[in-house]
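Below is one structure, written out as structure tokens; the observations come after it.
Please treat every number below as a calculation from the coordinates, not as lab data. On a predicted model such as this, the values are computed, not experimentally measured, just so you know. As a convention, Cβ positions derive from the backbone with ideal geometry for all residues, glycine included, and neighbour counts pool all protein chains shown.
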Amino acid sequence: MRVVDLDRDMSDVVPTGTTRDSEFLFARMTGRTLDLVRPGPGARLLDVASGFGQDAIALSERGSWTVGAEPSQRMSGLARLQSERAASRSPSWVRSWSDALPFRDDSFDGVICKGALDHFDRPLEAIAEMARVTRRDGRVVLAIANFESLACRVARGLDRFRETWLGRRLPRGRRHYDVPSDHFTRYEIGLMREQAGESLELEVVEGISLAWGIPGWSRSVDRLPAPVAQSTLHGLDCMARLLPGLSDVVILAGRPRRVRKPSMISA
């Protein structure tokens, strides 16, 4: 029996707190994901695992005809309530598992899946379904938390040093570099490329943000003057774009890879 993840803590995927670096990371990931799917008047777009619907609504506000697909009745209900308050045309909402999308082939110009792929118990099938419902010249965009980021490696190393060499016992509880219990997959750049590449001809593989989660980093950024903090975060983000394997989040985008059917012509 498959269980719908009703009460997932979004901070386990992408930080949504009020620290400067968290706000920067979340805004950059969202903005880049939406831009890459090329929203605009006439575009038919799908948001897979649309959750509370904020991204589907944002795509609709940019003129796109948008559908949000989400298995959770609770989340879909909240998305509908939220979209009723939006000034633009409301997205359509569909309850659906990501690996069994109820749409015909080539139904959409683009598909996004932001911060949700590691929640799926069948990620390969989900990506294949996103590719199937996307037009050949369309684009599928995935945004995935990287558990082998620079920050995860540094934090893991510091904790190991404290325990092994200093003999300190760490507080109980999950560290940010540990995969949450409601995730099925621990993603790093190699696995992301491998899984996405089975169904997509990848055109974009780039990082978003650098250093989120390093001990003391958030407090240090918050103490900086606002212009200095923004310049620092933007500078690190530029580095992350070129070094996706070390970034906090990885964005992958590409066209559907169509599998050729065997030729029926005999030699």
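The value of relative contact order for the chain, using C-alpha pairs under 8 Å at least six residues apart, is 20 percent.
Here region 184-221 is scanned for amide nitrogen atoms under 18 Å from the site 7 Å beyond the Cα of residue 18 along Cα-to-Cβ, giving 218-221. The relative contact order of region 61-208, computed from alpha carbon pairs under 8 Å that lie at least 6 residues apart in sequence, is 21 percent. Just to be sure I understand: with springs between alpha-carbon atoms less than 10 Å apart, which residue in 22, 220, 92 has the highest mean-square fluctuation in the Gaussian network model of the chain? Answer for the Gaussian network model of the chain: 220.
What is the percent of Cα-Cα separations in the chain that go past 29 Å?
On the way: 12243 of 35511 pairs.
Tail of the P(r) past 29 Å holds 34 percent of the pairs.
Add -39500 (n - 2.57) for each DSSP H run of 4 or more in the chain, then divide by its residues: what number comes out at 222 nm, to the nearest 500 deg cm²/dmol? After summing the helix terms and dividing by the residues of the chain, the value is -11500 deg cm²/dmol.
Membrane-span-like helices in the chain: DSSP H runs reaching 27 Å or more (Cα, own axis), mean Kyte hydropathy at least 1.6? The answer is none, since no helix passes both cut-offs.
Charged side chains reduced to their Cβ positions (Lys and Arg at +1, Asp and Glu at -1) give the chain a dipole of some 100 debye around its Cα centre.
Around the amide H of residue 68, modelled in the peptide plane, lie the amide H atoms of 47, 92, 93, 94, all under 5 Å away and 5 or more residues distant in sequence or on another chain. Distance from the Cα centroid of region 191-213 to that of region 39-81 is 22 Å (rounded to whole angstrom). Of all the options 89, 104, 186, the one that moves most in a Gaussian network model of the chain with Cα springs shorter than 10 angstrom is 104.
Seen through its C-alpha gyration tensor, with square-root eigenvalues sorted a ≥ b ≥ c, region 125-221 comes out prolate because a/c lies at 1.5 or above while a/b is bigger than b/c. For the residues 18, 164, 66, a GNM of the chain with alpha-carbon springs under 10 Å puts the largest fluctuation on 164.
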